[in-house]
């Protein structure tokens, strides 16, 4: 009985090593594609956007021209508030969560690191965090990052941080 358990553990360990090897090869391939792609390198100049986010954005949206503006791009990945309107009164709800979940998750995680680092946090972001809480500030930063991503892709220029943040 013990030998059967040891054999199962051995087989699982061999499978795990094979999977880890495949992951390493895929990561190298992604890095190679990143180095060959000018748009991905431009996207990496945006704080909170790294190699994985840049390549995922480019894979999902190779042409920023398919969106009218940054808000449309942000809306396409579900980072804008839902609206409920009745009788002329408009109510804003949570984010719509439509579109590419993986892309949204990467952008939100990048925004989370930006919110967590005081040297990257703008006064605008600090004010939102103080008023609405950390998670709302993270989503607000993710929305702003998505709009910046669209601008960088459409203008094909690297990101230059504005004075106001």
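The values are calculated or read from the model by the stated rules, or taken from the named source; none is laboratory data. In this text, all values refer to a predicted model and were calculated from it rather than measured experimentally. As a convention, Cβ positions derive from the backbone with ideal geometry for all residues, glycine included, and neighbour counts pool all protein chains shown.
Quick look at the numbers
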{"quantity": "Set 24, 44: member being modelled with pLDDT of 90 or more and within 28 Å of residue 135 (Cα to Cα)", "calculated": "44"}
{"quantity": "Within segment 108-164, tally of residues that are modelled with pLDDT under 85 and under 18 Å from residue 77 (Cβ atoms)", "calculated": "0"}
{"quantity": "Filter result (more than 25 Å from residue 125 (Cβ to Cβ) and touching a helix residue (DSSP H, G or I) at 6+ places or on another chain (Cβ under 6 Å)) within segment 56-69", "calculated": "58, 60"}
{"quantity": "Residue 53 touching a helix residue (DSSP H, G or I) at 6+ places or on another chain (Cβ under 9 Å) and either crowded, with 18+ Cβ neighbours inside 10 Å or free of Cβ contacts under 8 Å to residues at least 40 places away in the same chain (or both)", "calculated": "yes"}
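Quick grid of which residues meet (1) exposed (fewer than 13 other Cβ atoms within 10 Å of the Cβ); (2) more than 11 Å from the chain's Cα centre (by Cα); (3) touching a residue at least 24 places away in the same chain (Cβ under 8 Å):
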site	(1), (2), (3)
103	no, no, yes
122	no, yes, yes
129	no, yes, no
133	yes, yes, no
148	no, yes, yes
157	yes, yes, yes
